[in-house]
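Input: a single structure, listed below in structure tokens.
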Amino acid sequence: MSWLELLGVIANVLGVWFTVRRSMWCWPIGLVGVFVYFYQFLLWKLYSDMGLQIFYAVMLFYGWWAWARAGQKDAEDGLMVQPAQRGRFALEGVVTLLLSFILGYGLRFYTDDPMPWGDAGLTCFSLLASLWAARRHWENWALWIVVDTLYAVAFFWRHDLLTAGLYVMFTVLAAYGMRDWRREVKAADGAKV
């Protein structure tokens, strides 16, 4: 464990906490965590996860822009959760699974990644969950619960206990976020009746 890894853990936990609370602070704090873990994954030779950090940075800037734009239209008490389009979710899930296989193949045969298939699948589904979070769909939290649980197991297996603990905290925060965001969806649906 290094001070840099500890900084990454703290920044990432705060970033997710602020996302759950639908606070704009999630974006700049999340960027700190992304930059720290980009370097950490490089040291661990987890190239797909390293690349994922680049995408996270792009998604953080996109989410920051999208939430700021939506915040001008939403209620004063925070950004509103948006309804999901089930057909689009299914299509995005299938495309993500296909991309996982393609990336896994590349990592398996062209890198020294110690867990190419798991690294690829977790990376691709993390991308999908990030996209859903930027769109403010509550389902992003359900996907994060699955992904973060699997990441925790993978990092425990690698004996990276601090990062494994980070993913356990992410799982707990995702469960809290799912409950909170679903509650808002139900309240909004009740207001429409």
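Which of the three applies to the chain, rounded, prolate or oblate, going by the alpha-carbon gyration tensor with a ≥ b ≥ c and a/c under 1.5 meaning rounded? List each step's numbers first, then the result.
On the way: a/c = 1.99, a/b = 1.51, b/c = 1.32.
Since a/c reaches 1.5 and a/b is larger than b/c, the shape of the chain is classed as prolate.
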Expected unfolding gain across Arg69-Arg21 under the 0.36 nm per residue rule, minus the alpha-carbon gap, is 15.5 nm
Quick one: helix 26-44 against the long Cα principal axis of the chain, what's the angle to the nearest 10°, folded into 0 to 90? 10
With N residues in region 1-58, what two-decimal value do you get for its Cα radius of gyration over 2.2 N^0.38 Å? 1.10
Using a 1.4 Å probe, how large is the accessible area of Arg86, given in Å² and rounded to the nearest 10? 140
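Taking all protein chains as present, what is the carbon and sulfur share of the accessible area of the chain, in % to the nearest whole number, probe 1.4 Å? If you can, show how the numbers build up before the last one.
Numbers: 7260 of 10260 Å².
The nonpolar share, carbon plus sulfur, comes to 71 percent.
Just the number please: accessible area per residue for the chain, 1.4 Å probe, all protein chains included, in Å². Please list the in-between numbers first.
Details: 10260 Å² over 193 residues.
So the chain comes to 53 Å² accessible per residue, rounded to a whole number.
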Separation of the Leu42 and Leu4 label points, Cα + 7 Å toward Cβ, nm: 0.8
The chain: relative contact order in percent, alpha carbon pairs under 8 Å with at least 6 residues between: 22
Going by a ≥ b ≥ c, the root eigenvalues of the Cα gyration tensor, does region 1-114 fall in the rounded group (a/c under 1.5), the prolate group (a/b larger than b/c) or the oblate group? oblate
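For a Förster distance of 25 Å, can you work out the FRET efficiency between the beta-carbons of Val95 and Ile54, rounded to the nearest 0.05?
Details: r = 19 Å, r/R0 = 0.78.
E between Val95 and Ile54, to the nearest 0.05, is 0.80.
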Nearest 10, in degrees from 0 to 90: the angle of helix 86-110 to the longest Cα principal axis of the chain is 10
Whole-Hz ³J(HN,Hα) for each residue in region 61-69, computed from phi via Karplus 6.51 cos²θ - 1.76 cosθ + 1.60 with θ = phi - 60°, x for glycine and proline: what do you get? 5, 4, x, 4, 5, 5, 5, 5, 5
Suppose the chain between Gln85 and Ala188 were pulled fully straight at 0.36 nm per residue; how much longer would it get relative to their current alpha carbon spacing? 35.4 nm
Starting at the first residue of region 5-19, write each ³J(HN,Hα) from the Karplus equation 6.51 cos²θ - 1.76 cosθ + 1.60 with θ = phi - 60°, in whole Hz, x for Gly and Pro. 5, 4, 4, x, 4, 4, 4, 5, 4, 4, x, 5, 4, 5, 5
Taking the Cα atoms only, what angle lies between the long axis of helix 116-134 and the longest principal axis of the chain, rounded to 10 degrees? 20
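The values are calculated or read from the model by the stated rules, or taken from the named source; none is laboratory data. Everything numeric here is computed off the predicted structure, so don't read it as measured data. Please note: Cβ atoms are built from the backbone with ideal geometry, for glycine as well, and neighbour counts cover all protein chains shown. Please note that ligands, DNA and RNA were not included when accessible areas were found on the heavy atoms of the full protein model with its side chains. Shrake-Rupley method; radii C 1.70, N 1.55, O 1.52, S 1.80 Å.
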